[in-house]
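Right, one structure below, let's go through it.
The values are calculated or read from the model by the stated rules, or taken from the named source; none is laboratory data. Values in this document were obtained by computation on a predicted structure and should not be read as measured data. Note that we place each Cβ from the backbone using ideal geometry, even for glycine, and neighbour counts take in every protein chain shown.
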Amino acid sequence: MALPITIPNTFAGATTAIPLSQLDNNFTTVVNGINGIGNGTNSLANVSITGGSIANVTLTGTVTAPTNGYRRNRIINGGMAVDQRNNGASQTFTAAAALAYSVDRFYGYCTGANVTGARVAGSSINQYRYQFTGAASVTAIGFGQRIEAANSYDLNNGTAYFSVDLANSLLTTVTWTAYYATTADSFGTLASPTRTSIATGTFTVTSTVTNYTASITIPSAATTGIEIVLTVGAQTSGTWTIGNVQLEAGSSSTPFERLPIGETLMLCQRYYEKSYAQGTVPGTVTSANRFTVGNGIALAGFQFLGAKYAVTKRSTTTVVVYSAFSGAAGKIGQGDLTDVTFTTLNSSDFAFDGSFTNSAGTYGGFGQFTASAEL
């Protein structure tokens with residue numbers, strides 16, 4: 001029996017007595033139809049289910065998944081789980097300086113006076129947040145992420161939904177702005193941006209962390225990368241807290257997407273990687289995870305070093321080598337625990353190499369590195 005179920009006998013226009021057998025036929029038809037759904041004889045199509053649940057269901061044919069399914073969040077590390085640069089330590093943002101990357105994939109900046117920011121403990125099911133601490137004379141603070149074109153191209157000529165958890169102990173307004181890059185993955189600098197505004201709006205916030213959302217119409221020209229920026233004004237004291245940042249395709253928000261930590265780390269390492277252990281801040285004096293090079297003979301001479309990355313970067317990298325013995329940048333340690341200058345010769349999206357010259361009477365090279373391909 002195919003659906004829909006058709007009742008064989010109707011009684012609305014009856015003018016004489018109706019045999020009960022006809023009523024029996026109607027009941028039998030309905031019962032067989034319902035039982036057919038249960039035993040698989042009949043099928044359901046174009047069914048919308050609100051609330052409740054269905055158990056022991058076998059799906060056949062083509063199943064269409066929603067477009068905003070797994071990995072729907074275009075923001076990387078929106079839950080602030082990965083913090084390779086600082087591991088939760090406080091970072092100072094210098095007023096009117098270039099934007100500075102902080103917790104992975106996010107940058108910060110300020111005007112008027114320096115501020116500090118750090119990844120902090122969250123609450124409930126949220127392990128982490130990011131928090132700025134205000135200071136006298138501050139006129140503005142910004143916090144944003146640039147999304148490369150390869151991860152946002154398909155959003156063009158459609159609708160995206162932005163959601164974020166916010167709280168502020170002093171101010172009541174947070175402004176959000178979406179941009180697209182003028183050319184692919186090139187947003188310019190803070191002082192000389194090369195980007196076009198898509199949309200902007202404000203959230204009225206309180207001192208209690210609350211989720212806020214906004215619908216954004218993405219123009220067809222936005223195929224070159226998207227930037228999302230949150231800003232506040234004169235944060236002269238108090239704190240500004242940010243978490244669960246999400247941008248997804250569609251006209252409505254979904255719960256914040258939580259990826260496994262290993263997957264989030266690899267996504268972050270496409271833009272920034274370090275040789276140090278994940279819990280160690282670059283520049284720390286440590287032998288853990290250090291690289292070594294040299295022949296072990298106490299003889300001055302030219303040395304060459306090459307290293308591959310754990311994850312292929314989005315572009316050519318900027319490499320900084322640190323001495324394992326002093327933590328000094330641009331240096332490499334020698335066998336006698338002193339430092340010499342390290343020169344990067346080549347860098348790509350997958351590896352770098354460089355050279356140094358040992359001092360007379362010593363040997364070897366001992367160091368760490370960071371490699372950045374941030375937007």
Out of Thr286, Thr213, Thr292, Thr217, sole residue that is surrounded by fewer than 17 Cβ atoms within 10 Å (Cβ to Cβ), part of a strand (DSSP E or B) and not assigned by TED's automatic domain parsing to the domain that holds Ala121: Thr292
Yes/no for Thr370 being of a type outside the set (D, E, K, R), part of a strand (DSSP E or B) and touching a residue at least 24 places away in the same chain (Cβ under 8 Å): yes
Failed criterion for Ser237 (all others in (1) touching a strand residue (DSSP E or B) at 6+ places or on another chain (Cβ under 9 Å); (2) farther than 16 Å from Val115 by Cβ; (3) surrounded by fewer than 14 Cβ atoms within 10 Å (Cβ to Cβ) hold): (2)
Single unsatisfied condition, Glu257 versus (1) surrounded by fewer than 17 Cβ atoms within 10 Å (Cβ to Cβ); (2) out of contact with any Phe, Trp or Tyr (no Cβ under 6 Å at 6 or more places or on another chain): (1)
Subset tally (residues that are in a strand (DSSP E or B) and either over 14 Å from Thr370 (Cβ atoms) or in contact (Cβ under 8 Å) with a residue 40 or more places away in the chain (or both)) for the stretch 312-331: 7
Of all residues in the stretch 312-336 being more than 11 Å from Gly283 (Cβ to Cβ) and hydroxyl-bearing (Ser, Thr, Tyr), the one that is surrounded by the most Cβ atoms within 10 Å (Cβ to Cβ): Thr317
Residue list for the stretch 173-186, restricted to those being surrounded by fewer than 14 Cβ atoms within 10 Å (Cβ to Cβ) and touching a strand residue (DSSP E or B) at 6+ places or on another chain (Cβ under 8 Å): Thr173
When residues of the stretch 187-201 are limited to those that are touching a residue at least 40 places away in the same chain (Cβ under 8 Å) and surrounded by 13 or more Cβ atoms within 10 Å (Cβ to Cβ), the one nearest to the chain's Cα centre (by Cα): Phe187
Subset of the stretch 328-354 [among the small types (Gly, Ala, Ser), at pLDDT 95 or above and closer than 15 Å to Thr292 by Cα]: Gly333, Gly354
Condition check for Ala45: outside any strand (DSSP E or B), among the small types (Gly, Ala, Ser) and at pLDDT 95 or above: no
Subset tally (residues that are under 24 Å from Lys308 (Cα atoms) and of a type in the set (Phe, Trp, Tyr)) for the stretch 236-290: 3
Matching residues, the stretch 88-106, being surrounded by fewer than 21 Cβ atoms within 10 Å (Cβ to Cβ), within 19 Å of Lys274 (Cβ to Cβ) and touching a Phe, Trp or Tyr at 6+ places or on another chain (Cβ under 8 Å): Ala100, Tyr101
Output for the stretch 347-367, where each listed residue is part of a strand (DSSP E or B) and among the hydroxyl-bearing types (Ser, Thr, Tyr): Ser347, Ser355, Thr357
Pairs where the first residue, in the stretch 256-269, is β-branched (Val, Ile, Thr) and the second is at pLDDT 95 or above, C-beta under 8 Å, 6+ apart: Ile261/Ala81; Ile261/Val82; Thr264/Ile76; Thr264/Asn77; Thr264/Gly79; Thr264/Ala81; Thr264/Val82
Filter result for Thr344 (outside the structural domain of Gly262 (by TED's automatic domain parsing) and in a loop (DSSP other than H, G, I, E, B)): no
